[in-house]
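Here is the structure we will look at, set down as structure tokens.
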Amino acid sequence: MRSSRTVRIGCGVTRTIIMIWVAATLSSCAWLVPVPPGIGREVAWSALPGWSSGDQARAWPALMQDCQRLPGRDAAWAAICRAAAILPAAPDAAQARQFFEQHFRAHEMIGPGDHRRGLITGYYEPILNGSLVRTARFRYPLYRRPDNLVRIDLGSLYPDLRGKMLRGRLDGNRVIPYYSRSQITDSADPLRGQELLWVDNPVALFMLQVQGSGLVRLPDGSLLAVGYADQNGYPYVAIGQSLVQMRALKPGDVSLQTISQWLHDHPNEAESVLDSNPSYVFFRLHCASSSGPKGALQVPLTPQSSIAVDPAYIPLGMPVWLDTTLSQGGKPYQRLMLAQDTGGAIKGPVRADIFFGRGQRAEQLAGSMKERGRLYVLLPYTGNGHEAG
């Protein structure tokens with residue numbers, strides 16, 4: 001009897017020890033399990049490089065733009081914007097920092113394979129010369145959104161494809177791919193009659209499509225603002241990579257300036273290089289504003305405080321702490337941004353495009369910006385232990 005009881009106790013102890021060992025082993029190996037891409041766990045403010053010495057007040061005007069759109073959509077943002085309205089119109093760095101620490105919680109963005117560093121680029125608001133009528137000088141058209149462009153929201157049928165949009169055109173009762181860039185610019189001119197206005201430089205027109213919005217100076221000196229209206233459905237292909245594959249440029253030499261110069265110097269080859277990117281952007285007119293172009297959030301963008309992100313990972317409107325290096329000068333570039341725009345080439349969780357504004361300096365900064373960096377998204381904090389967003 002004693003022997004049998006001893007055996008039973010021994011088996012129970014052994015089983016318990018095995019279970020404890022298995023649990024400990026699994027716990028110690030948890031780091032081997034890949035972290036899914038997207039918003040990671042909360043991190044302390046002290047873990048954000050440069051946060052404690054940053055000037056978060058620079059982002060205050062961009063936050064105020066958020067408050068023109070988000071409170072009506074989200075109760076957490078309504079509370080945040082009410083609290084922001086109590087502060088001075090131009091708070092100092094300490095006041096702004098304290099505000100964000102009180103109303104948000106920081107989370108590091110994580111890329112595929114648990115990578116924490118991604119590509120940081122820049123864009124700007126170009127100014128082109130143009131006309132409302134075609135002339136010998138102004139003969140390159142900006143097209144409005146074509147009437148025959150069909151959009152199909154795949155997410156309405158397949159929840160897993162939420163946010164995915166199929167674009168095409170009808171051929172009888174079939175939906176077929178829309179015209180590619182080479183087809184649109186072909187002499188057949190399939191979009192004749194859809195012209196918005198004309199400009200004098202095809203390379204500048206291409207760069208306008210890359211930036212997504214800009215200004216057109218008419219012959220009388222007045223300015224028209226043009227913004228993104230839609231796209232032909234083809235994926236964006238960076239022509240810088242095409243030039244590298246052609247050995248026209250070295251990988252380390254690719255920038256907006258070097259690409260533009262090569263296209264200018266090789267007019268006979270420029271068209272085929274431009275056509276290597278089948279994506280084509282259509283525009284709409286809107287009132288020119290000194291406050292800047294509107295982004296995807298439909299608020300004016302703030303130079304060096306607004307960024308374009310992939311909304312599949314970072315919700316529009318969210319503050320984002322950026323830790324990278326400025327290509328011009330190589331200095332650390334750590335500052336608070338607001339996710340207020342998107343872009344065809346901005347894909348992935350750790351990916352951002354900095355809006356640098358308009359003018360020559362903005363063009364230089366944006367054209368050379370191509371660095372690695374980290375992103376920390378700030379999610380609204382409700383104060384009851386929960387986060388919104």
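The values are calculated or read from the model by the stated rules, or taken from the named source; none is laboratory data. Being a predicted model, the structure only gives us computed values, none of them experimental. Here the Cβ positions follow ideal geometry from the backbone for every residue, glycine too, while neighbour counts run over all protein chains shown.
The table below gives the values:
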quantity: Residue within region 319-326 that is polar (S, T, N, Q), part of a strand (DSSP E or B), surrounded by fewer than 20 Cβ atoms within 10 Å (Cβ to Cβ) and in contact with a strand residue (DSSP E or B) (Cβ under 9 Å, 6 or more places away or on another chain) present; calculated: yes
quantity: Residues being outside any strand (DSSP E or B) and over 24 Å from the mean Cα position of the chain (by Cα) - total across region 157-177; calculated: 5
quantity: Among (1) buried (at least 17 other Cβ atoms within 10 Å of the Cβ); (2) under 29 Å from ASP275 (Cβ atoms), the one test that ALA106 misses; calculated: (2)
quantity: Test: THR342 is among the β-branched types (Val, Ile, Thr), at pLDDT 95 or above and either buried (at least 20 other Cβ atoms within 10 Å of the Cβ) or touching an Asp or Glu at 6+ places or on another chain (Cβ under 9 Å) (or both); calculated: no
quantity: Options ALA62, ALA89: the member that is part of a helix (DSSP H, G or I) and among the small types (Gly, Ala, Ser); calculated: ALA62
quantity: Tally, over region 266-287, of residues that are in a loop (DSSP other than H, G, I, E, B) and in contact with a helix residue (DSSP H, G or I) (Cβ under 9 Å, 6 or more places away or on another chain); calculated: 6
quantity: Output for region 224-245, where each listed residue is exposed (fewer than 14 other Cβ atoms within 10 Å of the Cβ) and of a type outside the set (S, T, N, Q); calculated: PRO235
quantity: Boolean, GLU42 is of a type in the set (Asp, Glu), within 25 Å of the chain's Cα centre (by Cα) and crowded, with 17+ Cβ neighbours inside 10 Å; calculated: no
quantity: Selection within region 367-388 - out of contact with any Ser or Thr (no Cβ under 8 Å at 6 or more places or on another chain) and either hydroxyl-bearing (Ser, Thr, Tyr) or at pLDDT below 95 (or both); calculated: TYR376, TYR381, THR382, GLY383, ASN384, GLY385, HIS386, GLU387
